[in-house]
Amino acid sequence: MGFYVVKTLHIVFMITWFAGLFYLPRLFVYHAQAAPDDRIGIERFKLMERKLYFGIMAPGAVLTVVFGMWMWLGYGVTGAWLHAKVTFVLVLIAFHVYLGFLLRDFARDRNRHGHVFYRWLNEIPALPLLVVIVWLVVAKPF
C-alpha cells in the first residue's frame with residue numbers, strides 16, 4: 001500500500017478510537033446517574049459500554065497503532081517530535097486501559113465514583129492529549 005493510503009487508514013482508525021475515548025466516559029456519566037432500581041436501564045448501559053469498548057474502541061486503538069507503526073517503520077518518519085508523539089500515544093493507551101478497568105467495575109456493579117467524576121474524566125484527559133498530538137504532527141516543532 002502507498003504511504004497516503006496507510007496515512008488515510010491511520011487517520012480513520014484514530015478518529016474511531018478517539019470517538020470512543022470521548023463517548024465511553026459520557027456513557028459512564030449516564031450509567032452512574034441511573035437509579036439503582038432501573039435494572040433494564042443499567043443492563044442497557046452495560047451492553048452499550050461493552051460494545052463500544054470491545055467492538056469499536058479496542059479495534060480502533062489496535063489499528064491506529066498498527067498503521068502508525070507501519071508509517072514509522074515502513075516510510076522512515078523521523079524526528080524528535082515523533083518521540084514526543086509516541087509518548088503521548090502511550091499515555092492515551094494507558095487511559096484506554098484505565099477506561100477498561102472502569103468498564104469492568106460497572107459490569108460487576110462495583111462502581112465507586114459519582115457522575116461528576118465521570119464528567120471530569122469525559123473532558124479533561126483526552127482533549128488536551130488530542131490537541132498536543134495533532135500539534136506535534138502538524139508543526140513538527142523539533
| Which one of these is in contact with a Ser or Thr (Cβ under 6 Å, 6 or more places away or on another chain) and closer than 21 Å to residue 90 by Cα: 70, 17? | 17
| How about segment 85-102: which of its residues are at pLDDT below 95 and within 13 Å of residue 126 (Cβ to Cβ)? | 88, 89, 91, 92
| task | Determine which single condition residue 43 fails, assuming it passes every other condition in (1) out of contact with any helix residue (DSSP H, G or I) (no Cβ under 9 Å at 6 or more places or on another chain); (2) under 30 Å from residue 1 (Cβ atoms); (3) exposed (fewer than 12 other Cβ atoms within 10 Å of the Cβ). | result | (2)
| request: Give the residue that is nearest to residue 4 (Cα to Cα), with candidates limited to residues of segment 47-64 that are surrounded by 17 or more Cβ atoms within 10 Å (Cβ to Cβ) and not polar (S, T, N, Q). | output: 63
| message | Against the condition crowded, with 17+ Cβ neighbours inside 10 Å and either part of a helix (DSSP H, G or I) or of a type outside the set (Lys, Arg) (or both), how does residue 25 come out, does it pass? | response | yes
| Any residue in segment 78-91 that is farther than 22 Å from residue 139 by Cβ, touching a residue at least 12 places away in the same chain (Cβ under 8 Å) and either out of contact with any strand residue (DSSP E or B) (no Cβ under 9 Å at 6 or more places or on another chain) or not aliphatic (A, V, I, L, M) (or both)? | no
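The values are calculated or read from the model by the stated rules, or taken from the named source; none is laboratory data. Since this is a predicted model, take the numbers as computed values, not measurements. All Cβ positions, even for glycine, are placed from backbone atoms using ideal geometry, and neighbour counts span all protein chains on display.
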